[in-house]
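J.: Okay, handing you the structure first.
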Amino acid sequence: MYSNTHNFTGNWVCPDLCNYHDVYCITTPDDPSVNVVADVDINDVDITRYLPVELGLFINVALLHINSNRLYNIIPQSISRLKLLHELDACNNRFVGLFPDVALRLLSLKHLDLRFNDFEGALLSALFDKELDAIFLNDNRFSSQMLDNFGNSKASVVVIDNNKIYGCLSNSIGKMTTTLNEFVLIKKLFSFR
């Protein structure tokens with residue numbers, strides 16, 4: 001760790017992860033005597049570093065909130081092991097690279113927040129076929145045509161403004177009328193087919 005100005009991880013030294021600051025554990029349904037890490041919440045603690053591949057060892061984590069730090073590099077492929085991950089909030093960091101396709105392999109994921117980073121390249125069509133409830137991708141450097149399968153998304157919130165998304169908004173958006181509550185495209189021009 002290159003910066004930990006608030007000494008947030010000061011107690012992250014004992015072998016019992018459940019005693020770490022803002023690491024939350026639950027008992028396993030199979031064995032109530034065993035605790036597992038269910039939530040890691042290190043929002044806004046000014047940590048500077050890359051995400052370690054060992055993060056993939058927390059296979060029972062349901063919530064991973066790592067926003068508003070100075071985390072950089074890429075989101076490691078090892079998080080694909082987090083089969084119970086419901087929320088991935090990695091916004092407001094310094095992540096780079098192409099869209100982190102590892103997020104598409106998270107089977108339980110419902111909330112994806114990657115806004116305010118430096119991701120680039122095309123959006124992946126599989127994103128809109130995934131059963132997500134919230135998609136926040138704004139303020140990155142994505143450069144992509146609006147995908148024809150956009151309307152396949154079941155999300156109630158989709159925010160993709162302040163990227164370079166171009167092309168026509170497909171009529172498939174009509175399929176979202178029962179789920180979509182908010183769709184943000186600020187400063188973008190679209191035409192309906």
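The values are calculated or read from the model by the stated rules, or taken from the named source; none is laboratory data. Every value quoted in this text rests on a predicted model; they were computed, and no experiment measured them. Every residue, glycine among them, receives a Cβ derived from its backbone with ideal geometry; neighbour counts consider all protein chains shown. Keep in mind that these areas ignore ligands, DNA and RNA; they rest on the heavy atoms of the full protein, side chains included. Shrake-Rupley method; radii C 1.70, N 1.55, O 1.52, S 1.80 Å.
J.: Determine whether segment 122-140 contains at least one residue that is closer than 29 Å to Asp46 by Cα and surrounded by fewer than 16 Cβ atoms within 10 Å (Cβ to Cβ).
T.: no
J.: What pairs can you find where one residue is in segment 149-163 and touching a residue at least 12 places away in the same chain (Cβ under 8 Å) and of a type in the set (Asp, Glu), the other is surrounded by fewer than 17 Cβ atoms within 10 Å (Cβ to Cβ) and not in a strand (DSSP E or B), and their Cβ atoms are less than 6 Å apart, with a gap of 6+ or different chains?
T.: Asp161/Ile186
J.: Just to verify a result, which residue in segment 139-158, among those that are outside any strand (DSSP E or B) and over 17 Å from Lys110 (Cα atoms), is farthest from the chain's Cα centre (by Cα)?
T.: Asp148
J.: Could you go through segment 66-73 and let me know if any residue there is touching a residue at least 60 places away in the same chain (Cβ under 8 Å), closer than 19 Å to Phe119 by Cα, out of contact with any helix residue (DSSP H, G or I) (no Cβ under 6 Å at 6 or more places or on another chain) and assigned to a strand (DSSP E or B).
T.: Yes, the conditions are met somewhere in segment 66-73.
J.: How many residues does segment 73-116 contain that are in contact with a Cys (Cβ under 7 Å, 6 or more places away or on another chain) and open to solvent by less than 10 Å² (accessible area, probe 1.4 Å)?
T.: Selection size over segment 73-116: 2.
J.: I'd like the full set of residues that are of a type in the set (Gly, Ala, Ser) and over 19 Å from Asp89 (Cβ atoms), limited to segment 135-158.
T.: Ser143, Ser144, Gly151
J.: Let me ask another. Quick one: count up the residues across segment 15-30 that are open to solvent by 60 Å² or more (accessible area, probe 1.4 Å) and assigned to a loop (DSSP other than H, G, I, E, B).
T.: Filtering segment 15-30 down to residues open to solvent by 60 Å² or more (accessible area, probe 1.4 Å) leaves 15-16, 19, 21, 24, 26-27, 29-30.
Keeping just the survivors that are assigned to a loop (DSSP other than H, G, I, E, B) gives 15-16, 21, 29-30.
Final tally of qualifying residues: 5.
J.: To continue, here is another question. Which numbered condition trips up Asn162, out of (1) of a type outside the set (Gly, Ala, Ser); (2) surrounded by fewer than 20 Cβ atoms within 10 Å (Cβ to Cβ); (3) in a strand (DSSP E or B)?
T.: Condition (3) is where Asn162 drops out.
J.: A further question on this structure: Would you please name the residue that is modelled with the lowest pLDDT, looking only at residues in segment 28-44 that are more than 18 Å from the chain's Cα centre (by Cα), more than 15 Å from Asp16 (Cα to Cα) and not acidic (Asp, Glu)?
T.: Taking the candidates together, the pick is Pro29.
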